[in-house]
1. Do we have L258 as in a helix (DSSP H, G or I) and either open to solvent by 10 Å² or more (accessible area, probe 1.4 Å) or at pLDDT 60 or above (or both) here?
2. Being of a type in the set (S, T, Y), at pLDDT below 90 and under 24 Å from A227 (Cα atoms), is that true of even one residue in region 88-108?
3. For region 123-175, give me each residue that is in a strand (DSSP E or B), open to solvent by 20 Å² or more (accessible area, probe 1.4 Å) and of a type in the set (S, T, N, Q).
4. How many of the residues making up region 79-122 are charged (D, E, K, R), open to solvent by 70 Å² or more (accessible area, probe 1.4 Å) and either under 30 Å from C312 (Cα atoms) or outside any loop (DSSP other than H, G, I, E, B) (or both)?
5. Starting from residues that are surrounded by fewer than 17 Cβ atoms within 10 Å (Cβ to Cβ) and of a type outside the set (F, W, Y), keep the ones in region 187-208 and report whichever is modelled with the lowest pLDDT.
6. Can you tell me how many residues in region 191-242 are in a helix (DSSP H, G or I), of a type in the set (K, R) and without any contact (Cβ under 8 Å) to a residue 40 or more places away in the chain?
7. Can you tell me which residue within region 285-303, out of those that are within 21 Å of P157 (Cβ to Cβ) and modelled with pLDDT of 80 or more, is least open to solvent (accessible area, probe 1.4 Å)?
Amino acid sequence: MNWRRTAFSLFLVAMVLSLQLIAASQAMAMSTNNASITFRRAVVAWYDDKGRLQMNVTWINKVVNFTNLTKGCPLYKSNVTPKVNVSIVTLYNMSERHEQLLFFRLNFYNSTFNYTMYALVYRAERSQYNFTLVTRIFTDPKTGAYRAYLTGMNIAPDDKKSLPVGDVILTANNLTLSQYYWTLNRVLMKLKKHDETRWIWGRSAFELRHLSHLVRLKLPEYNQGKAAGMTITMDSLKCTVCQALVFLICVGQVGETLGCPVDCALVCAEWGYASFICVGICLPICEGVLGLIQVYGCDKGAGLICEYAGAC
């Protein structure tokens, strides 16, 4: 088990240090205090033979700058047409006053290729923060068994002075989906001790405990398979995503006629590993941003438009 933990640690460090999430530098209207994120730690978590949670924490403190996220977006300029068909089926949909839980099956196919994966989306609006989580579940192409969880979490506190930070967590054991979320909760509870992330990771841990119970009770059919997982936890990226969206529409002069799904795909195309987190943040605010641009035009600038939208 020691060699596996060492290999996982080296993989995480290499992955975080080599993140290529932005295009060429250009300030424009997106230069704000929320235009970057600091990836602080790479964490490998596992249960020992006695069932005790163990953690190997490597400090990284890698700052990734998202300024001018959409400049030269390759997705928009490409003439390449995807040759794979996609079928999306909603398997579960729970929408309550302050919470939403969605579970999808995605099938990618053409004449020679067929692959199925799953996705879980969880959103919660609380009095002091908003929480968003997106998990992609990769499966074995032959058996359909779960192979890996890839999760992005973002918590956006009401405190507008909060600075974006992130941690990367790898769970080395094969766990069911509910066990995975419960383990992430325990990891965050340990990380937050005597740390500046105490408040944000404490609230995130609460949401993970709640989500673990929801999956166990509401999704028993999809809580059987086991897999290892990688998780990116983040704080306060909504402002950054909003300003990237305004930049795309106003400076790139695209977006209003394309619709929000395409707009958000363009905005998030260069986020690499974190693109699915970006889309999960972008879609809920997109319609409001488009409406504000139609009312005020682009002269207000990204800062004020996103402030009016409640994103900054």
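1. Details: in a helix (DSSP H, G or I): no; either open to solvent by 10 Å² or more (accessible area, probe 1.4 Å) or at pLDDT 60 or above (or both): yes.
No, not satisfied.
2. Taking region 88-108 first, the residues of a type in the set (S, T, Y) are 90, 92, 95.
Now narrow it down to the ones that are at pLDDT below 90: none.
Scanning region 88-108, I find no residue that is of a type in the set (S, T, Y), at pLDDT below 90 and under 24 Å from A227 (Cα atoms), so the answer is no.
3. N130, T132, N173, N174
4. Pass one, region 79-122, residues charged (D, E, K, R): 83, 96-97, 99, 105.
Narrowing further to those that are open to solvent by 70 Å² or more (accessible area, probe 1.4 Å): 83, 96-97, 105.
Next cut, either under 30 Å from C312 (Cα atoms) or outside any loop (DSSP other than H, G, I, E, B) (or both) only: 96-97, 105.
Result for region 79-122: 3.
5. H194
6. Residues of region 191-242 that are in a helix (DSSP H, G or I), as a first pass: 191, 198-218, 220-222, 238-242.
Going one step further and asking which of them are of a type in the set (K, R), we end up with 198, 203, 209, 216, 218, 238.
Of the ones still in play, those that are also without any contact (Cβ under 8 Å) to a residue 40 or more places away in the chain are 198, 209, 216.
Qualifying residue count for the region: 3.
7. V289
Yes/no matrix, rows are residues, columns are (1) modelled with pLDDT of 95 or more; (2) of a type in the set (S, T, Y):
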{"position": "T183", "(1), (2)": "yes, yes"}
{"position": "N223", "(1), (2)": "yes, no"}
{"position": "A227", "(1), (2)": "no, no"}
{"position": "M230", "(1), (2)": "no, no"}
{"position": "M234", "(1), (2)": "no, no"}
{"position": "C250", "(1), (2)": "no, no"}
{"position": "Q253", "(1), (2)": "no, no"}
{"position": "V262", "(1), (2)": "no, no"}
{"position": "A269", "(1), (2)": "no, no"}
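The values are calculated or read from the model by the stated rules, or taken from the named source; none is laboratory data. Please read all numbers here as calculations on a predicted model, not as lab measurements. Reconstructed Cβ throughout: ideal geometry from the backbone, glycine too, with neighbour counts over all protein chains shown. We work out accessible area using only protein heavy atoms, side chains counted, and drop any ligands, DNA or RNA first. Shrake-Rupley method; radii C 1.70, N 1.55, O 1.52, S 1.80 Å.
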